[in-house]
Each structure stands twice: as C-alpha cells, then as structure tokens.
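S.K.: Quick one: this structure, given as structure tokens, is what I'll be asking you about.
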C-alpha cells in the first residue's frame, strides 16, 4: 500500500456526525503545512506544495481540516494557506480550529483569558475568510476548570460566530463541566499506539456519541514529524506493516480508526505522497489478532 499512489477516497473509513455536520473519518491536520516540523522548527515548507496538498486532499474526499491561528512559522500561516487554497470553500467542508493557547507575532506563547477568546475566534475568522467557524475546540492549558473559558465560547456560539464546540487536552471531568454549559461534539486529545493517557475518554465519548479526535496519532511520543519520520517503530508494528505492504504510519492510522466508529483521524503532512498514503490507510483493515498484538486500550 505504501509504494504506490492511491485512488482511495477519504470516505473509505466511513463517516461521523459532529452535531449537525457530517465528515469523513479521515481528515487533515494543518500544522505540518507551515514547515517540516512544528511551528518554527526545521525548514519552512514550499508554499506551492502546501497549497497542492490542501487541494488534493479535498479532491480525495477530505472534508474535515483541523487548524489554528497559532499554527504559523516564520514564513507560513496554516490558516492563510487554507484560505488561499480552498476559498471559496466547498459547502461540505468542515474547518475546525482551536483557541485557548496563543502566540504573539514573535512566536511567544500565552494562555488566553476568557475575555481574550473572542479576539482569538475573530482572528481565525479573518485569517480563514469565514463569517463563522464550523467547530472550535477549547484547548485547555493549565486551567483546573474549563467552565469560564467554555462559557465564553458558548456565548460566541449563541451569537452565531461558532457552529459547534469541542474541548482538547481534557479529562472526563472537564468534559462533564463543559457539557453542563453547552453541547460538546468532539474531544481532541493525544492518543496513539505508544501512549494512551485518555483511555477512559475514548469509551466515554463512544457511549455519548461524541467524536474522539486523537492528535499525534502517527508520531506518538515523538510528536508529528511526518509520515516518514515518526521515530523508532516497535517490531510488532513493523511486522503488521510488512504483512499488509503498508508503512508504519498507515498501520498507526488504521489502528487509530479501528478504536471505534466515533474516532476521527487528522494526520498532518505537507507532502503530497504522504497525504495519499494517509488517506489510503482509511481502507486498511487490521485483524483482531493484529489489533491485540499492537495493544488495545483497556475499557
């Protein structure tokens, strides 16, 4: 699977509903569009190639793109690339973004106060050229409670600036706290073959019909450094990859998707070949024995 171009459509893995929005379960994470690694690390990607990746993704059925205004490097802004490549946006395309963390023009990070969240939402609207945001995650930073921040986003939803809400980097207690304020359609947490700190949320989201959206699913603890540079692979994972003529990254994505029909994949890449490989992983089916060999979450 990893040595030839794919004609597999992103719909091969099935669909899921984010409130009133339906998306294919294989989407695209936009962070990698800004360079060869996260934010200002590494060599910036070639602009034209990133635009081709975005347009090719939509051609292959990707209708869920995950981004943020803080996804920028010295020369690239993910939101600007998305707007350039895809505006006017297809009616079916869902663009999800995150607020909470922020970066100033120098790249210095800050944690937004509840009062600053409207400015972050409006920044995403301006950069993307939208009059509303389809899905906004509150990306929790160090807050013990998400109530005040999530309440501010709920008010923006009532005002029509946001269509659906989600939370990220959250626990089951944070989910319950947010749900007492407004509906939550998605939880975005780290979750991968190597490290699964939120097994309880995986099952809880399934029970409640909430999308579970893992980040860093390809690279795991090494962070998402691309389909070809995910760090050392276990022999068990390599054995499964050989059995399917697939790459380790494809096996990681297939494993992720097989955690449940409510699990969405948002692998990030700035490489057209890796994009096609990632989408092809949506058609890869691992056996029960292979899933057990790679390790299944305890639920």
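Values quoted throughout were computed directly from the atomic coordinates according to the rules given, and no laboratory measurement underlies them. Please read all numbers here as calculations on a predicted model, not as lab measurements. Please note: Cβ atoms are built from the backbone with ideal geometry, for glycine as well, and neighbour counts cover all protein chains shown.
S.K.: For the residues 292, 157, what sequence is obtained by ranking on other C-beta atoms within 10 Å, fewest first?
M.R.: Ascending number of Cβ neighbours within 10 Å: 292, 157.
S.K.: Here is a further query. Using the alpha carbon gyration tensor of the chain, what are the three equivalent-ellipsoid semi-axes (square root of 5 times each eigenvalue), largest first, in whole Å?
M.R.: 28, 23, 18
S.K.: On to the next question. Can you give the alpha-carbon Rg of the range 250-299 over 2.2 N^0.38 Å, where N counts its residues? Intermediate values should be presented prior to the final figure.
M.R.: Working: Rg = 11.6 Å, N = 50, 2.2 N^0.38 = 9.7 Å.
In units of the 2.2 N^0.38 Å rule of thumb, it is 1.20.
S.K.: Suppose the chain between residue 111 and residue 22 were pulled fully straight at 0.36 nm per residue; how much longer would it get relative to their current alpha carbon spacing?
M.R.: So the chain would gain 28.9 nm between residue 111 and residue 22.
S.K.: What ranking of 122, 144, 290 emerges when the number of other C-beta atoms within 10 Å of each C-beta is taken as an exposure proxy, fewest first? Could the numbers behind the result be given before it?
M.R.: Values: 122 14, 144 8, 290 19.
If I rank by nearby Cβ atoms, fewest first, I get 144, 122, 290.
S.K.: Taking R0 as 45 Å, what's the FRET efficiency between residue 207 and residue 46 from their Cβ-Cβ distance, rounded to 0.05?
M.R.: Working: r = 44 Å, r/R0 = 0.98.
Using R0 = 45 Å, I get an efficiency of 0.55.
S.K.: What's the center-to-center distance, using Cα atoms, between the range 238-257 and the range 123-144 in Å?
M.R.: The distance from the Cα centre of the range 238-257 to that of the range 123-144 comes to 33 Å.
S.K.: Which value at 222 nm does the chain reach when only helices count, each DSSP H run of 4 or more adding -39,500 (n - 2.57), with the total divided by all residues and rounded to the nearest 500 deg cm²/dmol?
M.R.: Details: 10 runs with 99 residues, N = 299.
The helix-only estimate for the chain comes to -9500 deg cm²/dmol at 222 nm.
S.K.: Of the peptides 181-193, 237-249, how do they stack up when ordered by the mean number of other Cβ atoms within 10 Å, highest first?
M.R.: Ranked from most to least packed, the peptides come out as 181-193, 237-249.
S.K.: Pulled fully out, how much extra length does the chain show between residue 104 and residue 145, if you take 0.36 nm times their separation in residues and subtract their Cα-Cα distance?
M.R.: Full extension of this stretch gives 12.3 nm more.
S.K.: Taking R0 as 25 Å, what FRET efficiency do you get between residue 91 and residue 158 from their Cβ-Cβ distance, rounded to the nearest 0.05?
M.R.: Details: r = 23 Å, r/R0 = 0.94.
So the FRET efficiency works out to roughly 0.60.
S.K.: While we're looking at this one, here's another question. If you average the sequence gap of Cα pairs under 8 Å that are 6 or more apart and divide by the length of the range 39-163, what percent do you get for the contact order?
M.R.: Relative contact order here is 23 percent.
S.K.: Roughly what % of Cα-Cα distances in the range 129-184 sit above 19 Å, to the whole percent?
M.R.: Here the tail beyond 19 Å accounts for 22 percent of pairs.
S.K.: Averaging sequence separations of C-alpha pairs under 8 Å and six or more residues apart, then dividing by the length of the chain, give the relative contact order as a whole percent.
M.R.: It comes to 22 percent, rounded to a whole number.
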